[in-house]
Amino acid sequence: MSGDSPFIIVLLAIVGGALRVSTPFMFVALGECLTEKSGRVNLGLEGTLVLGAMCAYAISFHSGSPWLGVLAAGCAGSLLGAIHGYVCKLPRVNDIAIGIAMMLFGTGLAFFFGKAYIQPSAPRLESFSLGAWTGNQQIETALQINPLLLVGVVVAIAMSWAFANTKWGLIVRMTGDSAPAARAMGVSVDMVRFLSTTAGGFLAGVGGAFLSLFYPGSWNQGLSSGQGLMAVALVIFARWDPIRCAFAALLFGATGAIGPALQSVGITQGYYFFNAAPYILTLLVMIASAGSKQAARNVPGELSITK
Amino acid sequence: MSLLNVSRRSFLQGTAAGLVAGATGIRSAAAADVTIGIVYVGPRDDFGWNQAHATAVKALKTLSGVKAVEEENVPETDACAKSMESMVNLDSANIVLGTSFGYFDPFMVNLAKKYSKVEFRHAAPLWSADKHPKNLGSYFGYLNQGHYVDGIAAGLSTKSNKLGFVAAKPISSVLSNINSFMLGAKKVNPNAVVQVIFTGDWSLPVREAEAVNALVDAGCDVITCHVDGPKVVIETAEKRGAKTCGHNASQAPLAPKGFITGAEYKWETFYKAYATALGKGEPLPNMLAGGYEADMVQNSPFGAGATEAAKAAATTAIADLKAKKPIYVGPLKDNKGKVVITKTYDNLDPFLDQMDYLLEGVVGSIT
């Protein structure tokens, strides 16, 4: 193994990193994308992610079935999303403030109930490798793929298609772009946003299940370390397009692997800089893309951050 | 959270006192009884720093006449002062132990001034005689001796001669653990190199897992770490088929196939010393620190990853450390070729606490 060139090792680590790390970002970003498309911002998805991780681990531990854990994480996430969706329809309620409250509520709840699950070991999700045919152990490990990643990609494609081609997609987009127009069409704006936030919460919860049941694959309180918040930012980066959300998540995972990979092959100077690679890259792409007229057109018109 | 605990504790204490009074009428606590209050920054079962303390407190509770009150997940804010104050006022703690770096200044310093009859001790070398009250003090263990033993066992358990070290931040205590681990490995296996990856913070589970994957991909077959909760590092390495050495507490249950041994604190020694001195009414030392020679650090029992040769060499090394045989035998160069340690230093020499370099044999950089 040590005969491989450092370049190959770093390249493999980046590909592997994209496949390993990106899934939670993808799910949270897709959930947030759906919510924001309907005209509401849910900043609480960090809390949803953490609570999802805890529920998935706990249910997997008690039931012995990790997939049941994934389902439980989604349900816990939709519950938090539903609370956010309900509270925000009350008059004079600010969705950003409620989002922050829900974030603290979600993490607090997860830490409180999660205490008992730090020590025990729960069954994890199985994965399969796309690289098994190569016979090279390194490639095989780098190309380990969890079914949830594929689910995320399918959801991204389905969402993108549904936004463009279905009546439901049109209703969500219309609610997000102009509430008066939606009301004129006889659509209940509050109901659409409630359902979108709930569904968005479900996706974010499933993202949490990936954290505790696959990678890094254990429950502890520092598990998310802000990934939910970054994923919310990724939606803006991806300009409210589900497919671009998926790519943004993969890119974020890939660049996140650069720091450790470079240190492992002996390029050790400036690791703080390389560890910051995902954020620097995000900034650069934002600056490069934000100037275009197209970018302004993609923003849902009802979002409280842009109004 | 802390409010809940306080009210629960005061409730329990109230009922207990009532029961005692009701049963005996007059009996109060015997003079020799000692109550130890201890505050943790994280959960008691984190497979790391907090668990190491909690294990010691559990052992302490078995002593007769010693009572321990614990509170976990206390942040390094005013909350820790409130927890400690309630231990003094509600539980009549004779000594309060703060186990997190940020508890010391200003919280424990102020409390020590306010409650001059109560002893306060803090688990990091921050106390100084000219600045701080006399009822305050510090205690800490030289964990680098445990990592040195780890290094010896790892050097004889590796096949690729590449050992991986996942470290949080390049501060002196971390660097001293890395250097000691390398010196141990080099002593028994001159071909061994230690590859270090700094993650940048104490608890970043995803990046820690990435670091382990990167090290294993680069050919390392033994992984160890200095991060807050070693759980993710040990589990990821085990999944990748690499052997592991632990840190802070025993992680042996997490790696049934590859665990070699681990560097652990033995806080039990400190806490029993405090309890005994308080029970006898003797003054407590303001500074209590040591390594193997004072039975203040230990190594986890050998796991399935340790070879017979490794076990034998590690056991000898422990005996050597108990006999105060030095780890840092000068002159030693840093990994840029400059001589940084000119002579042989005693294991507890303050010069070694100021470490800001990685020695030759470690691949990595602190900037």
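The values are calculated or read from the model by the stated rules, or taken from the named source; none is laboratory data. Just so it is clear, the structure is predicted and the values come from calculations on it, not from any experiment. Don't worry about glycine lacking a Cβ; one is built from the backbone with ideal geometry, like all the others, and counts go over all protein chains shown. All accessible areas refer to the heavy atoms of the entire protein, side chains included, with ligands and DNA or RNA removed. Shrake-Rupley method; radii C 1.70, N 1.55, O 1.52, S 1.80 Å.
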- Search the stretch A:262-282 for residues being assigned to a loop (DSSP other than H, G, I, E, B) and of a type in the set (Gly, Ala, Ser), and hand back the single one that is farthest from the other protein chains (Cβ to nearest Cβ). A:Ala276
- Message: Looking only at the stretch B:298-317, filter to residues that are hydroxyl-bearing (Ser, Thr, Tyr) and touching a residue at least 12 places away in the same chain (Cβ under 8 Å); which one of those is farthest from B:Lys159 (Cα to Cα)?
- Response: B:Ser300
- Message: For the stretch A:117-168, which positions are closer than 27 Å to B:Gly219 by Cβ, within 14 Å of chain B (Cβ to nearest Cβ) and open to solvent by less than 50 Å² (accessible area, probe 1.4 Å)?
- Response: A:Ser127, A:Ser129, A:Gly131, A:Gln138, A:Ile139, A:Thr141, A:Ala142, A:Leu143, A:Asn146
- Looking at B:Phe198, is it within 12 Å of another protein chain (Cβ to nearest Cβ), under 21 Å from B:Gly219 (Cβ atoms) and among the aromatic types (Phe, Trp, Tyr)? yes
- Query: On the given criteria, is B:Arg207 closer than 21 Å to A:Gln221 by Cβ, without any contact (Cβ under 8 Å) to a residue 60 or more places away in the chain and either open to solvent by less than 20 Å² (accessible area, probe 1.4 Å) or facing another protein chain (nearest Cβ under 8 Å) (or both)?
  - Reply: yes
- Task: Filter the stretch B:220-235 down to residues that are open to solvent by less than 10 Å² (accessible area, probe 1.4 Å) and not hydrophobic (A, V, I, L, M, F, W, C) and give me whichever is farthest from the other protein chains (Cβ to nearest Cβ).
- Result: B:Thr224
- When you look at B:Ala54, is it under 25 Å from A:Trp219 (Cα atoms) and either modelled with pLDDT of 90 or more or in a loop (DSSP other than H, G, I, E, B) (or both), yes or no? yes
- Cβ-Cβ below 8 Å, separation at least six or inter-chain, first residue in the stretch B:99-119 and of a type in the set (Asp, Glu), second open to solvent by 20 Å² or more (accessible area, probe 1.4 Å) and in a helix (DSSP H, G or I): which pairs? B:Glu119/B:Leu278
- Any chance A:Met102 is of a type outside the set (S, T, N, Q) and more than 23 Å from A:Met159 (Cβ to Cβ): no
- Which number in (1) modelled with pLDDT of 95 or more; (2) within 30 Å of B:Thr224 (Cβ to Cβ) marks the one condition that B:Ala59 misses? (1)
- Message: For the stretch A:190-209, which positions are in contact with a Phe, Trp or Tyr (Cβ under 7 Å, 6 or more places away or on another chain) and either surrounded by 24 or more Cβ atoms within 10 Å (Cβ to Cβ) or within 14 Å of chain B (Cβ to nearest Cβ) (or both)?
- Response: A:Leu203, A:Ala204, A:Val206, A:Gly207
